[in-house]
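K.L.:
Dropping a structure here in structure tokens format, bear with me for questions.
The values are calculated or read from the model by the stated rules, or taken from the named source; none is laboratory data. Note that this is a predicted model, so its numbers are computed, not measured. Cβ coordinates were reconstructed from backbone atoms using ideal geometry, including for glycine residues, and neighbour counts include every protein chain displayed. Accessible surface areas use protein heavy atoms only, side chains included; no ligands, DNA or RNA. Shrake-Rupley method; radii C 1.70, N 1.55, O 1.52, S 1.80 Å.
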Amino acid sequence: MIKQVAGVAEVTDADFGAEVLGADLPVLVQFTAEWCGPCRQLAPVLGQIAFEEGDRLKIVQLDVDRNPGTTLAYGVLGTPTLMVFRGGEPVRSMVGARSKRRLMEELADVL
């Protein structure tokens with residue numbers, strides 16, 4: 001079980017379409033795993049961004065081990081992979097943990 005972070009919901013293969021592809025806001029998806037150290041480092045950063053940018057950006061986590069369908073569908077090969085979806089389409093993909101400042105810079109044009 002991946003560690004839940006306040007403001008960051010967990011999605012699954014079953015609800016990915018409704019929660020991510022059908023969302024009104026841009027959605028940042030963290031493809032994560034419980035054994036992934038960099039994913040754990042990134043979790044509090046995502047929690048802070050979710051708190052500060054919740055009106056402009058939805059942030060969710062997807063466990064790659066328990067949700068292979070979505071993981072394969074989007075070609076996720078490493079964790080953490082961060083993918084931004086807008087209007088049901090992936091518009092940005094980033095691999096690896098990063099600082100809050102760097103992540104916000106990388107998200108600036110999709111928010």
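K.L.:
Testing the spin-label approximation: label points 7 Å from Cα along Cα→Cβ at residue 104 and residue 6. State their distance in nm.
P.N.:
1.8 nm
K.L.:
Is it possible to state the helix-based mean residue ellipticity at 222 nm for the chain, with each DSSP H run of 4+ residues giving -39500 (n - 2.57), the sum divided by total residues, to the nearest 500 deg cm²/dmol? What is it?
P.N.:
Helix contribution divided over all residues of the chain: -8500 deg cm²/dmol.
K.L.:
Excluding residue 99 itself, calculate the net charge of residues whose Cβ lies under 11 Å from the Cβ of residue 99, where each Lys or Arg counts +1 and each Asp or Glu counts -1.
P.N.:
That sum, taken over residues with Cβ under 11 Å, equals +2.
K.L.:
Could you point to the label whose value was computed as Kirkwood radius over Cα pairs in Å for the structure here, given [x] 16.4; [y] 14.7; [z] 13.6?
P.N.:
Among [x] 16.4; [y] 14.7; [z] 13.6, the one derived from this structure is [z].
K.L.:
Right, here's the next one. When the accessible area of the chain is split by element with a 1.4 Å probe, what percent falls to carbon and sulfur?
P.N.:
Its accessible area is 55 percent carbon and sulfur atoms.
K.L.:
Quick one: net charge of residue 111's neighbours, Cβ under 12 Å, K/R +1, D/E -1?
P.N.:
That works out to -2.
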